[in-house]
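One structure below.
The values are calculated or read from the model by the stated rules, or taken from the named source; none is laboratory data. Please read all numbers here as calculations on a predicted model, not as lab measurements. In this analysis, Cβ positions are derived from the backbone assuming ideal geometry, glycine residues included, and neighbour counts consider all displayed protein chains.
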Amino acid sequence: MSFIAIFTVFVTLSTLGMFGLLLLNLNYSLKMVQGQVRVTIFLKNGLSKEAIQDVGKRLSALNIVKDVKFISKNTAYRRLQEELGREKYILSTLEYNPLPDSFEVKLVSPMYASTLSRRVLSWKEVSEVVYAREIVDKLIALIGIVKKIGIAVVFILGLAALLIIVNTIRLMVLSRQEEIEIMKLVGATSWFIRMPFVIEGVFQSFIGAALSSALIFYGYVWLVKNIVWRFPFIPLVLDAKPILYVIVVVVIFGVLVGLFGSLLAIQRFVGGRSFVKKE
Amino acid sequence: MFGLIKMFGVTKVFSGNIVALRDIDLHIRKGEFVFLVGPTGSGKTTLMRLIYKDIVPTKGQVYVGGENLQKLKNSHIPYFRRDIGVVFQDYKLIEDKTVFENVAFVLEVIGVPKRECESRVMEVLDRVKVAHRRYLYPHQLSGGEQQRVAIARAIVKQPSILLSDEPTGNLDPKTAWDIMEIFRDINIQGTTVLIATHNKTIVDAMKKRVIALKNGSIVSDLEEGMYGF
């Protein structure tokens, strides 16, 4: 048993798991922000009640639209008064309410904001479409970058764990090379020789993965307890299911790395061709 | 396997253009006891290694038990080797296993049930007269005792062929004779025995078939031969 190998696998998988949790929470935060992105569709003045209702129906029928809310000009005026607060006296200088009727639309994804905008601008009832374009574009770009980084990190850490296991098992094999040669001479098959090393590799990875799972789980619980009450505005995943999912992925990943790593490490020494020396 | 060994036009050239064997034609019958003699570098070890397919010939064919070794698949080599016992000059015992474990592990490898292992191991250890040393480790044994354990390990699987490369090289004359007695008994029970040796006294006294090698070629092959090349 190599404690260094177990410890190294533990560190690698813990990092992988924590990164997984980070991605999970980032994704969760992004989804929350996404849900707050609104497109405001301003209507032309003088539309009849039926015409306005028709626009609302047409918007609701679009599959990229999640929610439609009508904001009458009066509601808009009241909102503006609340936003202005002490400065609301400015509005008293106006002879009439200049704010138009509008629809506030929530989309299934901020990616569709520009699509919706182009579409509804062609409707005769619509005068203008406004959305926080820059924020939306940056959000989409951020999601893309985070996913790419996530894949790269998983790949690199996975490769690191694999190489460590391969190296550890290879050292074990080298230290028992004479025994392996004798086993080949007396009639041991490749699988008979391989099995103890493969079991060792899988076992070490499993121990490393189990320890990292414990760290990930209890570490996250501690983090949540300490962040939620101090910084309640930070959105964190509080449901146990996704966390357990990350842990299960880490354990399965660890065991697979142990299995393939040890098979790879020993192949050169017990592959079929190794029974006959090339001299 | 039938304990038959045949070679036809076998040549072995190692990397660096080293010709170890040249055009060897050989036929060893089932149950024979054969000495392989020759100066160092004459090809004795190479010839033995070809028999258990540790290496392959550069030219020619090797047949063991009627099987052409060139056509033997890599995956079948372990099963082929289970019927050949090999005893090395340097014993090749596993240092962290006891005498008993060194012999028992061969039976484990070939899949003999555990309950049968103990009796078979004790039987061969008795035969080679090291049963009283069964709990000791190789470094705790004398050279002669280690050689006996190596023989026990080779014969515990009841092979058809027993190969031994310089089995008495490191031993005193009395111990060397004791070892040869063991080989003779094994041969009497039907195992084909092939021994590479420099021990002139033993070869001359035993009056068995002697194949002499020199510079990779067979220079003489005599029934009841004497040591000489």
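Scanning the stretch B:55-95 for residues that are of a type in the set (Val, Ile, Thr) and at the interface with another protein chain (Cβ under 9 Å from one of its Cβ atoms) yields B:55, B:56, B:77, B:84, B:86, B:94. For the stretch A:52-92, a residue qualifies if it is modelled with pLDDT of 85 or more, of a type in the set (A, V, I, L, M) and surrounded by 14 or more Cβ atoms within 10 Å (Cβ to Cβ), and the qualifying residues are A:52, A:55, A:59, A:62, A:64, A:65, A:68, A:71, A:76. For the stretch A:175-194, a tally of residues being touching a residue at least 24 places away in the same chain (Cβ under 8 Å) and either within 7 Å of another protein chain (Cβ to nearest Cβ) or among the basic types (Lys, Arg) (or both) returns 2.
For residue A:269, the criteria (1) over 30 Å from residue B:87 (Cα atoms); (2) modelled with pLDDT under 85 hold in every case but one, which is (1).
Scan the stretch A:217-235 and tell me whether some residue there is at pLDDT below 85 and in contact with a helix residue (DSSP H, G or I) (Cβ under 7 Å, 6 or more places away or on another chain).
yes
Every condition in (1) facing chain A (nearest Cβ under 8 Å); (2) in contact with a helix residue (DSSP H, G or I) (Cβ under 7 Å, 6 or more places away or on another chain); (3) assigned to a helix (DSSP H, G or I) is met by residue B:104 except one, and the failing one is (1).
Candidates B:185, B:165: the one that is under 16 Å from residue B:87 (Cβ atoms), touching a residue at least 40 places away in the same chain (Cβ under 8 Å) and surrounded by fewer than 15 Cβ atoms within 10 Å (Cβ to Cβ) is B:185. Taking the criterion of being farther than 19 Å from residue A:252 by Cα, assigned to a helix (DSSP H, G or I) and small (Gly, Ala, Ser), the residues of the stretch A:15-46 that qualify are A:29, A:35. Taking the criterion of being part of a helix (DSSP H, G or I) and among the acidic types (Asp, Glu), the residues of the stretch A:116-143 that qualify are A:134, A:137.
Determine whether the stretch A:151-160 contains at least one residue that is in a helix (DSSP H, G or I) and within 14 Å of chain B (Cβ to nearest Cβ). No; the residues of the stretch A:151-160 include none that is in a helix (DSSP H, G or I) and within 14 Å of chain B (Cβ to nearest Cβ). Within the stretch B:111-123, the set of residues being surrounded by fewer than 19 Cβ atoms within 10 Å (Cβ to Cβ) and either at the interface with chain A (Cβ under 10 Å from one of its Cβ atoms) or under 18 Å from residue A:182 (Cβ atoms) (or both) comprises B:111, B:112, B:117.
Selection of the stretch A:15-39 for residues being touching a strand residue (DSSP E or B) at 6+ places or on another chain (Cβ under 9 Å) and modelled with pLDDT under 80 yields A:34, A:35, A:36, A:37. Among the residues of the stretch B:40-54, at least one is among the polar types (S, T, N, Q), away from chain A (no Cβ under 14 Å), buried (at least 16 other Cβ atoms within 10 Å of the Cβ) and not in a strand (DSSP E or B). Among residues of the stretch B:70-87 being of a type in the set (A, V, I, L, M, F, W, C) and surrounded by fewer than 20 Cβ atoms within 10 Å (Cβ to Cβ), the one that is nearest to residue A:276 (Cα to Cα) is B:72. Just so you know, in the stretch A:1-14 the residues that are part of a helix (DSSP H, G or I) and in contact with a helix residue (DSSP H, G or I) (Cβ under 6 Å, 6 or more places away or on another chain) include one that is modelled with the lowest pLDDT, and it is A:5.
Report, by residue number, each residue of the stretch A:257-279 that is among the β-branched types (Val, Ile, Thr) and within 13 Å of chain B (Cβ to nearest Cβ). Passing the criteria: A:270, A:276. Among the residues examined, residue A:171 does not qualify as touching a Leu at 6+ places or on another chain (Cβ under 9 Å) and either of a type in the set (A, V, I, L, M) or away from chain B (no Cβ under 14 Å) (or both).
Of the residues making up the stretch B:1-32, those that are surrounded by 14 or more Cβ atoms within 10 Å (Cβ to Cβ), outside any strand (DSSP E or B) and within 14 Å of chain A (Cβ to nearest Cβ) number 1.
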